[in-house]
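Inspection log for the structure reproduced underneath, given as C-alpha cells.
Quick note: the coordinates plus some simple rules give every number you see, no bench work behind them. Just so it is clear, the structure is predicted and the values come from calculations on it, not from any experiment. When we count neighbours, we look across all protein chains shown, and the Cβ atoms used for this are built from the backbone with ideal geometry, even at glycine.
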C-alpha cells in the first residue's frame, strides 16, 4: 500500500490531495472500513447491563469488608479424604450440620462437600420446581453462572457439583438465567450492602483432619 | 433536569458504598467495550462474557483506579487484557482461515440478507486472520475512530509502532478481501 493512501486513511491528508488513481483505491478502502464498522454490533446485547449488575449484587462489598468477613464469619468444615464416591456421597449430607448432629437431611437447597485426595467437590442443590434452568455462580466463577445444575428426573430438585479450592466462597443460584436467588439452606450469609445476601461456604482441606465437625 | 454525573463522581459514589451507581458506568461504557471485544474475539458470546468479567473486575478493583475521571480508559485496558487472555486460550485451529488465503467475497452492494451476512462473515474471518496486535490497532483506528495518540495512551504503545500495526493490517486485509482492491 502506498504512502499517500496510508496518510489519507490515517486522516493526515484529504481525498482531494490524492492522485485520481489513488482516489479510487481510497474510496475502495473507505467502503471496506465502512463494512468492517457495520459488520459487528454497534451496541452490547440487550440484557447485558442487567446481567452485569445482577452479578455484582452478589459481590458488592468493598474489599476491606470482604476481608473482615473472612475472619469474622467463616464457617469452616474440616473433612478427611474419602475413598470412593459412594462413601463420600453418604457423608455429604452430614457436613453442614452443627457439631454432634449427624442425622441425614433432605437435599432441599444447600451446598455440601465431597472431598477426594485431589480436589474438593461441592454439591449444590436447589429445589426450584418452576425453573427451566438453574445454575450456580460465585466468586469461584467470577460470578458467571458457569455451572448448570441438572434435574434429570424432573422432580424440581436441581443439583450439580463444582470443584473448589479450600477457602471461603460466596455464591448464589441463577434461575432461568436471570433471577439470582440466595440459597435458602446455606449455613452462613453475608449482606451485600444492597438488601441481598450471598450464601457463604467455607471449606478447609483434609490434611491431617479426622473429623467432619466444624 | 439533573446533569449526568461525571465518571469521577460515580467512582466516588461507588467507593463510598453506593454500588448501584456502578450501573451508570456500565451503561456508559458497555457498548464501546462490547464493540471492541466482539471484533477482537470474533464471537458475540465471548465478547459479552469478556465485558461482564471486565465490569466485575473493575468493580472489585475500583479503588485501584488512580484517575477516576478516566475510568472508561481504565475499564478499556481491562477488556484489552481479557481479550488477550481469551485469544491466548483459544486454539489457533479454531480460526478457519490461513493468513494469505483470499476470501471469496465479491465486490458490489449486496442486498440485505444472506449475501450481506456472507460479506459480514468474511470480514470477520479476515479480521481473525490478523495478528492480535494488528487487529487491535485496526479496530481501534477504524471501528472506534480513535486517534493514534489516544491509542498510544490506552495501550501504552508508541504512535509509530501503532501506525506500523495499522498499516500492516490494512495490507493484509487488502490481500484477504481482494474484492476491495
Computed Rg/Rh of the stretch A:1-54, alpha carbon atoms with Kirkwood Rh:
1.31
Need one number: nm distance between label points at residue A:132 and residue A:46, each 7 Å from Cα along Cα→Cβ, rounded to one decimal.
1.4 nm
Cα pairs beyond 13 Å in the stretch B:137-181, in percent, come to 53 percent
Could you work out the relative contact order of the stretch B:1-90, using alpha carbon pairs under 8 angstrom and six or more residues apart, expressed as a whole percent?
34 percent
FRET efficiency, 1/(1 + (r/R0)^6) with R0 25 Å, evaluated for residue B:117 and residue B:157 via beta carbons:
0.15
The stretch B:1-90 - convex hull of the alpha-carbon atoms, volume per residue in Å³
92 Å³
Distance in nm between label sites at residue A:150 and residue A:21, each 7 Å beyond Cα in the beta-carbon direction?
6.6 nm
Expressed as a whole number, the average count of other chain Cβ atoms within 10 Å around the Cβ atoms of B:119-130 is 2
Give the average, rounded to an integer, of partner chain Cβ atoms located within 10 angstrom of each Cβ in B:47-59.
5
Inter-chain shielding metric for B:28-39, i.e. average beta-carbon neighbours from other chains within 10 angstrom, reads 4
If packing is taken as the average number of other Cβ atoms within 10 Å across a peptide's residues, how do B:65-78, A:169-182, B:30-43, A:8-21 rank, most packed first?
B:30-43, A:169-182, B:65-78, A:8-21
Please work out how much length the chain gains when fully extended from residue B:149 to residue B:20, using 0.36 nm per residue of separation minus the C-alpha to C-alpha distance, in nm with one decimal.
43.1 nm
